[in-house]
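The structure under discussion appears below in the form of structure tokens.
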Amino acid sequence: MDVLKKVPVREQDPKVRAANFDEVCLGYNMEEAQQEASRCIKCKNARCMTGCPVSINIPGFIKEIQDGNIEAAANIIAESSALPAVCGRVCPQESQCEGVCIRGIKGEPISIGKLERFVADWSRENGFVPKKAEKMNGKKVAVIGSGPAGLTCAGDLAKLGYEVTIFEALHQPGGVLLYGIPEFRLPKDTVVKTEIENVKKLGVKIECNVVIGKSVTIDQLLSEEGFSAVFIGSGAGLPKFMGIPGENANGVFSANEFLTRNNLMKAFRDDHDTPIARGKKVAVVGGGNVAMDAARTALRLGAETYIVYRRSEAELPARVEEVHHAKEEGVIFKLLTNPKEILVDENGWVKGMVCVEMELGEPDASGRRRPVEKAGSEFTIDVDTVIMSLGTSPNPLISSTTEGLEVNKWKCIVADETNGKTTKEGVYAGGDAVTGAATVILAMEAGKAGAKGIHEYLSNK
Ligand SMILES: Cc1cc2nc3c(=O)[nH]c(=O)nc-3n(C[C@H](O)[C@H](O)[C@H](O)COP(=O)(O)OP(=O)(O)OC[C@H]3O[C@@H](n4cnc5c(N)ncnc54)[C@H](O)[C@@H]3O)c2cc1C
Ligand code: SF4
């Protein structure tokens, strides 16, 4: 074994997986996990832990894997994270724990994400249940939204003895984990649902089909429903569009709608009758993780699929692994390309997309080189479906129905990042609703901060 290299992880063959929705990565088995764990030098001042937003005791759990004590490893992870099987699959470890791992200086960092996933999958297969609070404290807290921010906040508060109810607008809990990230990266019935069940086993109640701001307001939760505090983890689910001609045509979707139809409403399965655009040629506009997910989904539904992105490969915001997988599966990248107009046929359906070539100019406010159009370089891509994946912002429903709750110009809730405190007493917030679209682990970090803030507030009341 070469200690400078990661133990390779098994994956489905790209040609096979391009036509199915089964998970791409197959994970480590016991032997592979123990081999990989043995590469970790269990640093005293573990840099990997400083890179983990929820401060998992990484050398601690890796040592237990090496010694074959997987339940002990699971207990260590459960102290800091309620969603290890999710994080082990979708966290950008390359820019967090693995990005600062000491092993990465001379060789490849430890596969911390794959080891976390191994422990979480073992836990599921062996019926591991996290420990419940020994005593309840009689106080009720409402959590709005059942994505990673809400689930984490609820789980942490339940462990402290609070009676927690999550209110979720959709008919199933999980937020983006369920409706956004596709099955082939994050299986729903096994991985996501089991981790949500584990949060419920801590005593958390989840009420679905409750739209806060419509069914009931935050003020009513506090004054009429007996809740002493509220955490808002309502995410950033409102899609953005480009505002170009033809964008209202039939066959143009937001990535959110397209992915929700497929993931939550199971359009890809023959036993479900959810309609979805099975275009022959699909352009996905954007270069983030969401764009990669939409493109790889369209490809699996049978389309020739393009990613259309206005900057170059170096600026693609998606994880390197996702770009690599998309390319392996056959997604075609049209980089330094920007849409100008969607062409529409006489029946109102998409029949093509006019684009322009771009080049990179001086850096802009984000530090990335600004894309500028190349004069006279317009061309048309022959597509029948366009999926816009240009980012999302928080839905203003909650802020517009809650007096005293301040939002910024992007409609993100203003909250203290150390404890989630908002401008309204007893109301805390975190995750995408505060930061705008970000990541699972940052939403979990904010959920933890919110639980800490609420506990401090209610302990002093
Ligand atoms: C397609 C896609 C792929 C992604 N891939 C990755 C990835 O690989 N890695 C990664 O780290 N991150 C990824 N992300 C980002 C990540 O999923 C989000 O940052 C994260 O889910 C945010 O968590 P959250 O709890 O703040 O919000 P969400 O997960 O959005 O959950 C919010 C929940 O609140 C509910 N809600 C909203 N309004 C109300 C209301 N008024 N009343 C009741 N409930 C309400 C929503 O229905 C939703 O269930 C991806 C996002 C998308 C869309
Ligand atoms: S920094 Fe790397 S080698 Fe050191 S404890 Fe963390 S994972 Fe192990």
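A few notes on this one:
- Net charge dipole size for the chain [Lys, Arg +1 and Asp, Glu -1 on Cβ; Debye, nearest 20]: 780 debye
- Per-residue packing, averaged as other Cβ atoms within 10 Å, sorts the ranges 55-61, 370-376, 155-161 into the order 155-161, 55-61, 370-376, beginning with the highest.
- For Lys193, the lysines whose Cα comes closer than 17 Å to its Cα, not counting residues fewer than 8 places off in the same chain, are Lys201, Lys205, Lys266.
- Among 181-187, 334-340, 431-437, sorting by the average number of other beta carbon atoms lying within 10 angstrom of each residue, highest first, gives 431-437, 181-187, 334-340.
- Euclidean distance between Cα centres, the stretch 146-220 to the stretch 82-126, Å: 23 Å
- Surrounding net charge for Lys424, when Lys and Arg each add one and Asp and Glu each subtract one, Cβ distance under 10 Å: -3
- Listed residue pairs exceeding 27 Å between alpha carbons, taken from Lys411/Lys448; Lys135/Lys461; Lys240/Lys374; Lys281/Lys340; Lys15/Lys63: Lys15/Lys63
- Relative exposure of Leu202, Leu4, Leu221, Leu177, judged by other C-beta atoms within 10 Å (fewest first): Leu4, Leu202, Leu221, Leu177
- Share, in percent, of DSSP beta bridges within the chain that are antiparallel, nearest 5: 40 percent
- Extension gain from Glu125 to Asp13, taking 0.36 nm per residue of separation minus the Cα-Cα distance: 37.9 nm
- Judged by the gyration tensor of its Cα atoms, with axes a ≥ b ≥ c, the chain is oblate; a/c meets the 1.5 cut and b/c is at least as large as a/b.
- Using just its DSSP H runs of length 4 or more, each adding -39500 (n - 2.57), the chain gives a mean residue ellipticity at 222 nm of -9000 deg cm²/dmol after division by all residues.
- Order by protection proxy (mean Cβ within 10 Å, highest first), peptides 133-144, 440-451, 398-409: 440-451, 133-144, 398-409
Each reported figure results from applying straightforward, stated rules to the coordinates on display, with no laboratory input. Because the structure is predicted, anything quoted here is derived from the model rather than measured. When we count neighbours, we look across all protein chains shown, and the Cβ atoms used for this are built from the backbone with ideal geometry, even at glycine.
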